[in-house]
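This report concerns only the one structure given below.
The values are calculated or read from the model by the stated rules, or taken from the named source; none is laboratory data. Model, not experiment: these values are computed from the prediction. Cβ coordinates were reconstructed from backbone atoms using ideal geometry, including for glycine residues, and neighbour counts include every protein chain displayed.
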Amino acid sequence: MPKSQIITQKIIEIRGHKVLFDFDLAELYETSTKVLKQAVRRNINRFPEDFMFELTEEEWISLRSQIVILKVGRGQHSKYLPFVFTE
């Protein structure tokens, strides 16, 4: 399946924005979520304000229950709230 089709399938709408989760974007760049988030934080001044935002705990709980995105096993998911990246 082409990457463009994979990306399209992973886009969801939150707060009126079409977004990708940080872990999905990291997978597309073939890196870890931690490395992606570190790179963005180090270069935050290069991005527009609406480039990304962090989900609230309520949003994250609701999304997890709706789309069942938790992996099985200890240490398989982050203890931090995810960022989402806009178009």
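The table for this structure:
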read-out	value
Total residues in the stretch 35-53, condition closer than 15 Å to LEU81 by Cβ and loosely packed, with under 13 Cβ neighbours inside 10 Å	1
Subset of the stretch 11-26 [more than 14 Å from PHE83 (Cβ to Cβ) and under 11 Å from the mean Cα position of the chain (by Cα)]	ILE11
Those residues of the stretch 1-57 which are touching a residue at least 24 places away in the same chain (Cβ under 8 Å) and part of a helix (DSSP H, G or I), in sequence order	LYS3, ASP22, PHE23, LEU25, LEU28, THR33, LYS37, VAL40, ASP50, PHE51, GLU57
Extreme residue, surrounded by the most Cβ atoms within 10 Å (Cβ to Cβ), among residues of the stretch 1-34 that are among the β-branched types (Val, Ile, Thr) and modelled with pLDDT of 90 or more	VAL19
